[in-house]
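Structure record follows, encoded as structure tokens.
The numbers here are math on the coordinates, done by the rules we state, and not lab data. Just so it is clear, the structure is predicted and the values come from calculations on it, not from any experiment. A quick note on method: Cβ atoms are made from the backbone with ideal geometry, for glycine too, and the neighbour counts reach across all protein chains shown.
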């Protein structure tokens, strides 16, 4: 098992970031053409763009689980871990919360300036402060447009809060069994939540997104076991074919079609579970492909992940993820007086401006705001945890 900085993991993070930003900035504002081939293609591809968040979760589950397993015997196990996580997440996150509060005040006094950036932000800021907004956004109205993407941060922080205790208290075999159980149960749980709460709740409730994090955990276990890693090496070709089959089934709307057949047969619960299963299966495809980083010495997938654009995107991914919707809503609102919604080619320059501003601000934020805080945290940690498998942005 290689240790230290693995550049391909920066590329994975960059790919995840670009998928999400492309969805929000380029695809989502496009007009709808009901019944057209374009809308059909968008419907089939969108789960993969949404899957950028799941790819973040898989990578996060892998990295965080690995760090915890490698430092389990450290006397500063909990302190070092939480200091590293808070120094990475909190500065930009709470800066955005302060920004949202300021924008609410400006909106109350000058509504024409910030109306589309702020939205009807009646949801209390304390949900965001406490990292529980993913529950509040599904149950209450009035989410803040500039903080819309932070539901995924809430899930990760809740994960960071619980996982250190599980890794510390349980044997690895028990953790593996727990992870597999969670992955298998997730489609059923998501189906129940969708049916009894809402579709949005099934998308952003923590219990409905644990499958991706647990897949990351299992990959961390595999690469730390020579026997498991050798089995993965032998199985990698088959895993790659499995990933391609799952991707093809999604592009062909297989699960939605089978779900509709069950629904017409009167079994709507099975239909709902099948439809909800497409997300864990997409996650499984991404996890199978991610294993190539550790089972193959070279190949097109690893080459792609080491390209300059993906590695740079990975380096600035956190800031880009947090800032891009601010520029997206602000530019559309200030230039055209409405939320991101393209009406034709004449407005095609707006996404370009959004992407450029996001990249510039994220680069500056990484260099002059995020990294100084993280360097301070590294100096503060004592003793340092063992060197693990990390990207430069971990």
(message) Using 0.36 nm times the number of residues separating residue 247 and residue 307, minus their current alpha carbon distance, what extension gain do you get?
(response) 19.3 nm
(message) What whole-number distance in Å separates the alpha-carbon centres of region 343-358 and region 231-248?
(response) 38
(request) Return the distance in nm (one decimal) between the two label points of a simple spin-label model at residue 270 and residue 132, each offset 7 Å from Cα along Cα→Cβ. (result) 3.9
(message) How would region 90-192 be classified by its alpha-carbon gyration tensor: rounded, prolate or oblate, with rounded meaning a/c under 1.5 and the a/b versus b/c comparison settling the rest?
(response) prolate
(request) Treating each Cα of the chain as an identical point scatterer and ignoring solvent, apply the Debye formula and state log10 I(q)/I(0) at q = 0.14 Å⁻¹. (result) -1.42
(message) Taking 8 Å as the Cα distance limit and 6 or more residues as the minimum spacing, I'd like the relative contact order of the chain as a percentage.
(response) 34
(request) Rounded to the nearest 500, what is the 222 nm mean residue ellipticity of the chain from helices alone, with -39500 (n - 2.57) per DSSP H run of 4+ residues and division by all residues? (result) -24500 deg cm²/dmol
(message) What's the ranking of 314-321, 146-153, 158-165 by average number of surrounding C-beta atoms within 10 Å, highest first?
(response) 314-321, 146-153, 158-165
(message) At 7 Å along Cα-to-Cβ for each site, give me the label-to-label distance between residue 371 and residue 257 in nm.
(response) 5.0
(request) Mind jotting down the distance between the C-alpha centroids of region 252-273 and region 154-202, whole Å? (result) 25
(request) Sketch the reach of a paramagnetic label on residue 378 as a point 7 Å from Cα along Cα-to-Cβ, and name the residues of region 37-69 whose backbone nitrogen lies under 19 Å away. (result) 63-64, 66-68
(request) Classify region 147-267 as rounded, prolate or oblate, taking a ≥ b ≥ c as the square roots of the eigenvalues of its Cα gyration tensor: rounded when a/c is under 1.5, otherwise prolate if a/b is larger than b/c and oblate if not. (result) oblate
(message) Take residue 90 and residue 27, extend 7 Å from each Cα along the Cα→Cβ direction, and tell me the distance between the two endpoints in nm.
(response) 3.5
(request) Grab the Cα-Cα distance for residue 338 and residue 83, subtract it from 0.36 nm times how many residues apart they are, and report the gain in nm with one decimal. (result) 87.7 nm
(message) Is the C-alpha gyration tensor of region 300-384 telling us rounded, prolate or oblate? Criteria: a/c under 1.5 is rounded; beyond that, a/b larger than b/c is prolate, otherwise oblate.
(response) oblate
(request) Express in nm, to one decimal, how much length is gained between residue 207 and residue 43 on full extension, taking 0.36 nm for each residue of separation and deducting their alpha carbon distance. (result) 56.5 nm
(message) Counting C-alpha atoms alone, how compact is region 264-350: give Rg to one decimal and Dmax as a whole number, in angstrom.
(response) 20.3, 52
(message) If I take R0 = 45 Å and measure r between the Cβ atoms of residue 363 and residue 195 in this structure, what FRET efficiency does the formula 1/(1 + (r/R0)^6) give, to the nearest 0.05?
(response) 0.55
(message) Which of 23, 335, 49 ends up with the largest GNM mean-square fluctuation for the chain, with Cα atoms connected below 10 Å?
(response) 335
